[in-house]
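The next block holds one structure in the form of structure tokens; read it before the comments.
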Amino acid sequence: MAGRNGKKTVGSLVLSLGVCVVAAGVAYAFIPHDASKEAPVKRVDYRIELLTARRAASYPVAAPTGLTKGWKPTSVRYDGESNEAWHLGFLDPEGQYVAIEQSTDKPVRFIDDASQGAEETSRKQTIGGESWQRYKGEEYDALVLKRKGSTTLVTGTAGFGQLTKMAESLEMKTDKQAKPDKPA
């Protein structure tokens, strides 16, 4: 009889477990939850990395000045060993992504990587007295400035209006004696 009660107990356990799984599924389906809520993106202070990059890079490193507080810096990095790659990412006031990317890498490869495959258009625009080439892509658009020894992109999901605002705000410096700038 012990064997029979053992089977009955295991069967009851499996049945109870099944009922719990069904109840959990029903609760999940009918209890409201917002999967679109993401943790807010944190503002980063990029002054130290900017100072480091401006002291180390062989080209004038770009960073914005004079942007409103609605522009939120979200990411920064400088990799001197990987083609002196500088990255500074922002969310614009509308929540679109805008990044400043610079490198000494071959322009064709660097532009393709940084702009996520955007293609060169026939349109150029003058910003700060320099000719920037427009690139259009499925995910990112870009403004590209080619200089001797480095390439600068202002790229992201924002439209050309916001990309232009960022490019207009850029101050490009190589500063071996630099003091940290005030972040945007």
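The values are calculated or read from the model by the stated rules, or taken from the named source; none is laboratory data. Computed from a prediction, not measured in an experiment: that's the story for all the values here. Cβ atoms come from the backbone with ideal geometry, glycine included; neighbour counts cover every protein chain shown. Side chains included, ligands, DNA and RNA excluded: accessible areas come from the protein's heavy atoms. Shrake-Rupley method; radii C 1.70, N 1.55, O 1.52, S 1.80 Å.
Lys and Arg at +1, Asp and Glu at -1: add these up for the other residues within a Cβ distance under 15 Å of Ser131 and post the number.
Numbers: positive: Arg123, Lys124, Arg134, Lys146, Arg147, Lys148; negative: Glu120, Glu130, Glu168.
So the surrounding residues net to +3.
For the range 70-125, the solvent-accessible area of protein heavy atoms averages 52 Å² per residue (probe radius 1.4 Å; ligands and nucleic acids excluded).
The convex hull built on the alpha-carbon positions of the range 59-150 has an orientation-averaged projected area of 6.4 nm². Multiplying the residue separation of Lys42 and Arg77 by 0.36 nm and removing their Cα-Cα distance gives an extension gain of 11.1 nm.
Filter Lys42/Lys146; Lys146/Lys173; Lys72/Lys173; Lys69/Lys146; Lys42/Lys106 down to the pairs with a C-alpha to C-alpha distance above 26 Å, please. Write down the numbers at each step before the final one.
Numbers: Lys42/Lys146 31 Å; Lys146/Lys173 16 Å; Lys72/Lys173 21 Å; Lys69/Lys146 29 Å; Lys42/Lys106 32 Å.
Long pairs (Cα-Cα over 26 Å): Lys42/Lys146; Lys69/Lys146; Lys42/Lys106.
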